Amino acid sequence: MSKRIEGQLDHFIQAVKDNQKSLLIAGAVAGTAALGFYGFKKMHHSNEMKLVSDKQFSQLSTQYPLQLNEAVFRERFLSNIQYDLVLNLHPKDSIYYSGRIKISFMVNEQVIQEDLKNLFLDFHGQGISDMTVNQNHVPLSSLCFDSHRIMIPYENIKLNAINHLIIKFTNTFEETGRGGLMKYFNPVDNEIYIFSNLEPFNCNRWFPCFDQPSLRASLKLQVLSPEAQWQIISNGKKVNSMAVSDINSKNLLDDLGCSEFLEPYEDKHHSLLVIHSFEDTPSISTHLFGLFCGRFKCYIDQDQEKFPIRLFQSHYHDIKQSLLIEPKEIFRIIQVGLQFYEEQYGIKYPFSKLDLVFCPNLNTEAIHSEGTIVLNQNNFLAYHEQTGAFRELPMINASQRLTQTLLEQLSQIWFGDLVSMKWWNDIWLTQAFNKFMALQCTNQCNELKKYRSTENIMIDAIAQSLIFDTSPYIQSLNFSAISTTEALTQYESENVNKGVIFFWILTHNIGYKGFQAGIKEYFAKYKFQNTDTKELIDSFQIGLSRLGSNQEIRLWCNLWLQKQGVNIIHTIIERDLINQSFTLNLKASNQKHGDQHYFDQKLDVALYDQDMNETTIENVRIYGDHVKNIFSGNLELCPAAILVNSNCKGYCRVHLDQQSLNHFLINLSKVKNAVNRAYLYRVIFDQIKLRNLKPNDYLEALFTEIVVEENFTIIPSILNDINYCLKYYYTNGERKILQGKYQKVLLSMITRSETLNLKNYLTKELLENAINMDRDSEMLIQWLDLGRITNQQDNSVVNILTQEHKFIIVRLLHRSRNISLFDLRKRLEDVSSSIYLQNQYLKDVYNIEIESSFYEDEQKQKVWDKYVSGEYNIEDFKISSRYFYNLEDDEMCEIYGSKFFKVIEQVFKERDYQYAKIFFQNLSPVFLGREHYLDDLLKILERQVKENNHLFVKLLKYEIELLEEIIEIRSTQNVIM
């Protein structure tokens, strides 16, 4: 690269950096390295405290798992566990926190000494500075702390009596997004927020504990806060807050043996310090503990008298941003949900308070702890027309999505807190049940009618589950996880979606009264206990018996839970020309993945005539592999098309007969039933994967039908399928031609759209997926300069660009080698100076996107090296890696595709599963469809099978099958349409 170009590049990169708001925190040691772009500084303790450190400790490393047999051992011998935690949050600019944990527990007298030697605490933390067991001080030299485990000195343990273990520990706040106690600087309001995320198996990232759901315990918590204005929120009610300047506070620290807690603070800051004390929690699972700190604005539900309900939202200074739903309306939704769940479950709200915390930058949509519901505030901010602050249009509208999330988390207070799982096998069960009950709440409560979204959620659940159940990644719901690492596979959305479908089908099978009777039986018997799936199914059986029903459901449930896979239902029309009659048959078949089992279920079947009038045959029972005759009649009455599983009552894959497929392709928009129309779009896309439809024919039909689609909740899923088709089933040259056609379709849809939200969403879709920079760069520059999208034929205005749209265009321009670095820098500065990008959070997000999109070779390599070394936190890595590949640049994609295969095993070895999975899914080059990639994948698969890395193996098998699918479908393509 020439010095002139190199100088321009340096100037450009510096301009990008200048647009990031750096945080220089007072008191940071000069020269210390910043942790991530949030600006926290690594600072050392003011005192040289001696620590016993875990050599395996690293926020970036793979977490050592807890084995199921180890958890069973501890559960057998331990009881009466209590945690008494005094937590020191340290100065606001510190990455450290420390604490003193007192753990009380009883050991069963039946335990033998040899077993006692294996008793340990889980702790993924930095170090231990002190330890006593039953008032016996343990010398640091004799402490065994390794591989995230603290071995408990067995010599001092008393049998059949309460033992007291006291540990002083130091840890670092998490900023990788992997769970534990996390600290986040919010550039929007220049405030620091601290929050815990402990599920699954992450309480040990906060403090030493017996971290498994079956060992329920109470938590007594006291927190030393560095900021008097902070709200400190935990599981129980706050019972006291004392300023450290109060002599009683200092006496309290002395009494607790924590006088050194004041040492990290400068004397002048002591007046800001406050000790907050909370009531003891009931006996709950460790992943349900929680702590949330920051300068939140607090709203109180004035209409609630039984127990306090509060809502906390972070402050915003530079741009006024409000929640999608006002606090008063959120309180109303919660009140309706509380009344519904208390009636359905037969138990009043079981805890002393309820807090709703909207926290910035969670690495997930919502997290849960006893008495507290925490949501990602960034996901639920209202659209602002002036700024265009609109990041995504979900399949359901945003207020429905927020309501669904709130109600899911509220239900978990009963099914998850009051009754918890024994082991992480059933993590899917908790989430699926609560998602299902949230749907029931909006369905049955007329007060929440405007938030109903059941059909859309169920259609999406079926579509996502079918992807899961038709791949090598497949597993049964009742999967046995032998370690916490394996349990992560249960934390996938596909398991939750299929679990929702299970409860949906179960309710159709036994009726809602039978379902409700079983749930009440379950809570009455198991409150404040831990259970497994079998005990839930047994409760349904008992509930049915109490209603006087003889229906046996345990075998039916066990087959649905234990068997892998999904059946394909074929429609067969037999025509008798001699007798002028026809017979409609259904036949089930199995696929190559999963168990060769035929699921027993009831489905609706919709029949359509030539004018798309619909007749439904309800509750057709499908079981076994025999041909099922469901309808017959005169030949002139033979339906033009047939849709199996209309109204989405069941769960199956549908293989359309050719006549039905052809008729649907030209009449999709004429299906009057919105639920069936949405479902049919997904069924037709699946015909490509079933090799029953070619991508060309699919796109030709969709490009015609979607233009007149009026249900905006259907559109995002349809566009996702079109984008998948374009990315995987076509080469770069073919994609370029099709993107031109797609562009015209989207422009037509934007013109027809009547709502601003839909116009802006479709505009974003146009820019992200229907632009080819070789052809469209000049048009994009024209749109950017005008501030609007125009029709190239008549120059009519199609839509006004929001600031987000403008930034997407600038990001796209960074992929083009035909635009000077000077011009890129100027356009970036223009967009960055806009009102919208005064929001520092979004500015940082956009700079990450530009960094990964920029075409320059050295910059690309630099970003790649950061991926491999794990320098990004989870959220930033998701964003950055999504924009790394430029699908128009085959040469660049092939270069980094080759590098991918060289480093992917290293990434899985050195990084935790969550990070490695994102690396694999976002950076795999299989979309190129190169046959030699099969050899690379198969060689890696062979090695990983030998190493028994089953999580990696599942991903590899899925990727191999996807590549085979791409190669086969591309090879059978006709001339492009």
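The values are calculated or read from the model by the stated rules, or taken from the named source; none is laboratory data. Just so you know, these numbers come straight off a predicted model, no measurement behind them. Cβ atoms come from the backbone with ideal geometry, glycine included; neighbour counts cover every protein chain shown. Ligands, DNA and RNA are excluded from the accessible area calculation, which covers all protein heavy atoms including side chains. Shrake-Rupley method; radii C 1.70, N 1.55, O 1.52, S 1.80 Å.
Quick notes on this structure:
- Label-point separation in nm, Gln610 to Lys741, each point 7 Å along Cα→Cβ: 2.8
- Per-residue SASA remark: Glu70, around 40 Å² accessible (1.4 Å probe; ligands, DNA and RNA not included).
- Here the dipole of segment 68-286 is about 340 debye; that uses its Cα centre as origin and unit charges on the Cβ of Lys and Arg (positive) and Asp and Glu (negative).
- Computed from backbone phi, the HN-Hα couplings of segment 926-939 come to 5, 4, 6, x, 7, 5, 5, 5, 4, 4, 4, 5, 5, 5 Hz, rounded to whole numbers (Karplus: 6.51 cos²θ - 1.76 cosθ + 1.60, θ = phi - 60°; Gly and Pro given as x).
- Between Phe278 and Leu221, Val239, the built amide H atoms are under 5 Å apart, and every one of these is 5 or more places off in sequence or on another chain.
- Put a plus charge on the Cβ of each Lys and Arg, a minus charge on the Cβ of each Asp and Glu, and nothing anywhere else: the dipole of segment 366-527 about its Cα centre is then about 480 debye.
- Sequence of Tyr958, Tyr345 from largest to smallest accessible area, 1.4 Å probe: Tyr958, Tyr345
- Segment 520-560: chymotrypsin sites (Phe, Trp or Tyr not before Pro) in DSSP loop, at most 16 other beta carbons within 10 Å: Phe528
- Gain in span if fully extended, Lys727 to Val627, counting 0.36 nm per residue against the direct Cα distance: 32.2 nm
- Centroid-to-centroid separation of segment 129-192 and segment 737-775 [C-alpha atoms, Å]: 54
- Here is the size of the chain from its Cα atoms: Rg then Dmax, 29.4, 102 Å.
- Members of Lys672/Lys736; Lys268/Lys297; Lys117/Lys527; Lys50/Lys878 lying beyond 30 Å, as alpha-carbon distances in this model show: Lys672/Lys736; Lys117/Lys527; Lys50/Lys878
- Amide hydrogen proximity for Leu323: with H placed 1.01 Å from N in the peptide plane, the residues at 5 or more positions away or on another chain lying under 5 Å are Ala382.
- Think of the chain as having a plus end and a minus end, set by charges on the Cβ of Lys, Arg, Asp and Glu; of Ile95, Gln601, Leu665, Gln601 sits farthest toward the positive end of this dipole.
- Exposure ranking of Lys592, Lys348, Lys806, Lys353 by accessible area [1.4 Å probe, largest first]: Lys592, Lys348, Lys806, Lys353
- In a reduced charge model with +1 at each Lys and Arg Cβ and -1 at each Asp and Glu Cβ, the chain shows a dipole moment near 680 debye about its Cα centre.
- Between Gln529, Gln973, Ile325, the Cα set farthest toward the positive side of the dipole of the chain (charges on each charged residue's Cβ, about the Cα centre) is that of Gln529.
- Across segment 80-89, rounded Karplus estimates of 3J(HN,Hα) from the backbone phi angles (6.51 cos²θ - 1.76 cosθ + 1.60, θ = phi - 60°) give 6, 7, 9, 10, 10, 10, 10, 10, 10, 7 Hz, Gly and Pro being marked x.
- Relative contact order of segment 502-653, defined on C-alpha pairs under 8 angstrom at six or more residues apart (%): 22
- Share of alpha-carbon pairs per 10 Å distance bin for segment 441-547, given as whole %: 13, 33, 38, 16, 1
- Per residue, the accessible area of the chain comes to 39 Å² when a 1.4 Å probe rolls over the protein heavy atoms.
- The chymotrypsin sites (Phe, Trp or Tyr not before Pro) of segment 561-668 include none that DSSP puts in a loop with a beta carbon having at most 12 other beta carbons within 10 Å.
- Within the shell defined by Cβ-Cβ distances under 12 Å, the residues around Glu70 carry a net charge of -1, with Lys and Arg each +1 and Asp and Glu each -1.
- Amide hydrogen neighbours beyond the local backbone of Met182, cut-off 5 Å, H modeled: Glu174, Phe195, Ser196, Asn197
- Listed residue (Asn948, Gln793, Thr755) projecting farthest to the positive dipole end of the chain, Cβ model: Thr755
- Taking only protein heavy atoms and a 1.4 Å probe, the accessible area of the chain is 47% carbon and sulfur.
- To the nearest 10, the accessible area of Tyr855 is 50 Å² with a 1.4 Å probe.
- Heavy atoms of Arg943 accessible to a 1.4 Å probe, total area in Å² rounded to 10: 110
- J(HN,Hα) series, segment 521-529, from Karplus relation 6.51 cos²θ - 1.76 cosθ + 1.60, nearest Hz, glycine and proline x: 4, 5, 5, 5, 8, 10, 4, 6, 9
- A crude spin-label estimate for the pair Asn156 and Asn818, with each label 7 Å from Cα along the Cβ direction, gives 7.5 nm.
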